[in-house]
Amino acid sequence: MPQGAQALLQTLADAGIEVCFTNPGTSEMHFVAALDGEPRLRAVLTLFEGVATGAADGYARMADKPAATLLHLGCGLGNGLANLHNARKGHVPIVNIVGDHATWHVPFDAQLQSDIETVARNVSPGFVRTSRSSAELCRDAADAIAAARGLPGQVATLILPADVSWGDGAEPCPPPPAPAPVAADEAVVAAVAAVLRSGRRAALLLGGRALREPALLAAARIAARCGVKLLAEVFPTRLTRGAGLPAIERVAYLAEMAGVQLAGLDDLVLVDAKAPVSFFAYPGRPSDLVPAGCTVHTLATPAQDAAASLERLAQALGAAQTPPALQAAQRPGRPRGKLSAPKVCKAVGHLLPENAIVVDEAITSGLMLGVMTAGAPRHDLITLTGGAIGQGLPNAVGAAIACPGRPVLALVGDGSAMYTAQALWTMARERLHVIVIVFNNAAYSVLNVELERVGAAKAGPKARAQLDLHAPVIDFTRLAQGLGVPALRVDSAEALLPALQQALAKPGPQLIEAMVPEALSGLRRRLLPWLLRSLPTLPPPLARTLKRRLAP
């Protein structure tokens with residue numbers, strides 16, 4: 001009989017898991033040694049656990065199936081928690097394998113001993129299990145795979161003690177059955193159809209898998225038939241967009257702007273989404289963004305088949321053959337002159353190739369990205385689902401491995417790029433076609449905005465220094481080159497465009513460091529809280545115009 005680790009790897013591969021993102025330690029050495037015996041499983045080394053977990057997240061978003069991770073004890077799991085949190089919020093499937101001390105070694109409370117299960121439950125509330133014997137290991141693994149793949153997807157954490165890994169007597173388990181999601185039942189569909197026929201002001205709020213092409217087309221047919229508004233959750237797990245697809249408006253990050261989008265609605269229908277709430281609490285402002293008097297309905301939960309539910313709704317409304325409104329093909333012109341964040345977004349829209357994957361962690365620098373790429377060739381957009389920065393570069397690693405024939409553009413802020421800069425090394429090692437654009441504005445710009453919004457604008461120089469990345473300004477070009485990624489710094493549109501063209505045409509990773517001022521700074525940032533506070537009191541057409549000017 002094989003060792004536990006050998007049987008575990010065969011169980012993973014038999015279930016269709018093709019990639020394991022690793023950052024191993026001593027307790028995982030038998031798993032590492034067994035990798036050579038399983039040619040179907042690709043092992044990708046990362047230099048930090050947050051890269052491993054974020055890469056597994058990006059992979060699953062694009063492959064529509066889980067990858068595995070291999071982390072070292074509770075401390076390694078702790079290092080990877082932020083991006084597992086993002087995966088949890090995005091319902092992303094991951095089989096998260098965490099090595100542990102041998103079972104008989106645990107009572108000695110060695111230096112690296114910790115309560116791994118307690119740590120794991122923060123990101124794996126639905127499945128955490130410590131395997132107790134080599135004979136039970138593969139059944140535990142099959143259960144973890146089934147939990148991760150089910151709807152909604154989740155992070156399933158399997159804790160692997162060293163002696164269970166090296167022990168004999170393990171037998172591979174057959175793969176668990178594929179999940180069989182069901183659509184909304186007839187009564188729910190009929191009730192929602194009645195709401196949409198009523199003539200009341202209504203919107204469909206789409207999230208999760210409702211933001212893929214089949215579901216989007218069904219939703220657009222419903223919108224065209226009934227005159228309802230189409231909205232997407234603020235940070236989609238994966239949004240298919242571009243020319244020839246339905247245009248959909250994302251709910252704004254800033255609660256005041258989201259209030260403008262939702263104002264006047266009588267009914268809000270959720271499709272694989274939750275009702276919108278404010279990202280943070282603010283003095284004197286509500287956390288629930290659903291307007292007073294608006295009734296919330298659920299067509300499909302994240303555990304249901306969103307596309308099939310929307311198709312049933314379209315049939316019930318007589319909209320199955322209604323032509324949907326589709327985004328026209330269009331690109332912005334060439335940007336010119338001194339570089340700014342909007343000009344970088346314009347350059348991306350001007351050059352974005354067909355079938356690209358765009359990973360957006362540009363924070364405030366990406367405010368214009370959506371409008372600049374709306375009519376670009378079809379592409380997939382990945383966003384920061386859980387709000388824990390440091391997702392962008394690892395997500396790009398995973399997406400590139402899941403889709404090797406597609407170019408990946410990762411747009412990241414300078415602050416967030418430093419959380420997981422080690423991902424650049426993995427891009428170089430794996431020769432991934434990832435183009436990284438770092439918006440270097442030498443600031444935690446979004447926090448400067450929040451400082452104004454929460455009423456702490458009178459903060460002094462010591463407080464302001466906590467949000468400032470000058471002295472020294474980070475040199476991402478040299479940092480990337482040191483990690484094996486070709487890089488250059490640009491400060492004009494005339495330098496950016498040929499650099500981006502060359503990066504898109506040439507295989508392998510490339511980093512472009514865009515030197516830009518803060519997108520929201522000076523008088524504009526000081527006026528922003530006042531403008532936001534005024535939005536609810538303005539006439540709706542004026543409020544909508546102002547919202548579009550600030551964040552289209």
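The values are calculated or read from the model by the stated rules, or taken from the named source; none is laboratory data. The structure displayed is predicted, hence computed values, not measured ones. Don't worry about glycine lacking a Cβ; one is built from the backbone with ideal geometry, like all the others, and counts go over all protein chains shown.
Give the range 220-235 a look and list any residue that's more than 17 Å from Arg378 (Cβ to Cβ) and surrounded by 20 or more Cβ atoms within 10 Å (Cβ to Cβ), or say none.
Taking the range 220-235 and keeping what is more than 17 Å from Arg378 (Cβ to Cβ), we get 221-231, 233-235.
Selection gives Arg221, Ile222, Ala223, Cys226, Val228, Leu230, Leu231, Glu233, Val234, Phe235.
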The lone exception for Gly169 - which of (1) under 23 Å from Asp272 (Cβ atoms); (2) over 32 Å from the mean Cα position of the chain (by Cα) it fails: (1)
With the requirement that a residue be in contact with a helix residue (DSSP H, G or I) (Cβ under 7 Å, 6 or more places away or on another chain), among the small types (Gly, Ala, Ser) and either crowded, with 20+ Cβ neighbours inside 10 Å or assigned to a strand (DSSP E or B) (or both), what does the range 253-272 give you? Gly259
Residue check for Pro472: without any contact (Cβ under 8 Å) to a residue 24 or more places away in the chain and part of a loop (DSSP other than H, G, I, E, B): yes
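Residue by residue, here is whether (1) surrounded by fewer than 19 Cβ atoms within 10 Å (Cβ to Cβ); (2) of a type in the set (Val, Ile, Thr) holds:
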site: Gln330; (1), (2): yes, no
site: Cys345; (1), (2): no, no
site: Val348; (1), (2): no, yes
site: Asn355; (1), (2): yes, no
Residues satisfying the stated conditions in the range 177-214, i.e. crowded, with 22+ Cβ neighbours inside 10 Å and under 16 Å from Gln327 (Cβ atoms): Leu206, Leu211
Within the range 134-154, is even one residue buried (at least 24 other Cβ atoms within 10 Å of the Cβ) and of a type in the set (Val, Ile, Thr)? yes
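Any idea how many residues of the range 372-393 are over 24 Å from Thr53 (Cα atoms) and either at pLDDT below 95 or under 11 Å from the mean Cα position of the chain (by Cα) (or both)?
To start, the set of residues in the range 372-393 that are over 24 Å from Thr53 (Cα atoms) comprises 372-378.
Narrowing further to those that are either at pLDDT below 95 or under 11 Å from the mean Cα position of the chain (by Cα) (or both): none.
Residues meeting the conditions: 0.
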Residues of the range 1-17 being surrounded by fewer than 18 Cβ atoms within 10 Å (Cβ to Cβ) and under 15 Å from Asp168 (Cβ atoms), in sequence order, are Met1
Hey, Leu47 hits all of (1) surrounded by fewer than 24 Cβ atoms within 10 Å (Cβ to Cβ); (2) touching a residue at least 60 places away in the same chain (Cβ under 8 Å); (3) of a type outside the set (Ser, Thr, Tyr); (4) part of a helix (DSSP H, G or I) but one; which does it fall short on? (4)
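Where in the range 81-169 are there strands (runs of 3 or more DSSP E), lying fully within it, with 3 or more residues that are more than 29 Å from Pro236 (Cβ to Cβ) and in contact (Cβ under 8 Å) with a residue 60 or more places away in the chain?
Numbers: elements: 94-100, 128-130, 155-161.
Ranges flagged: 155-161.
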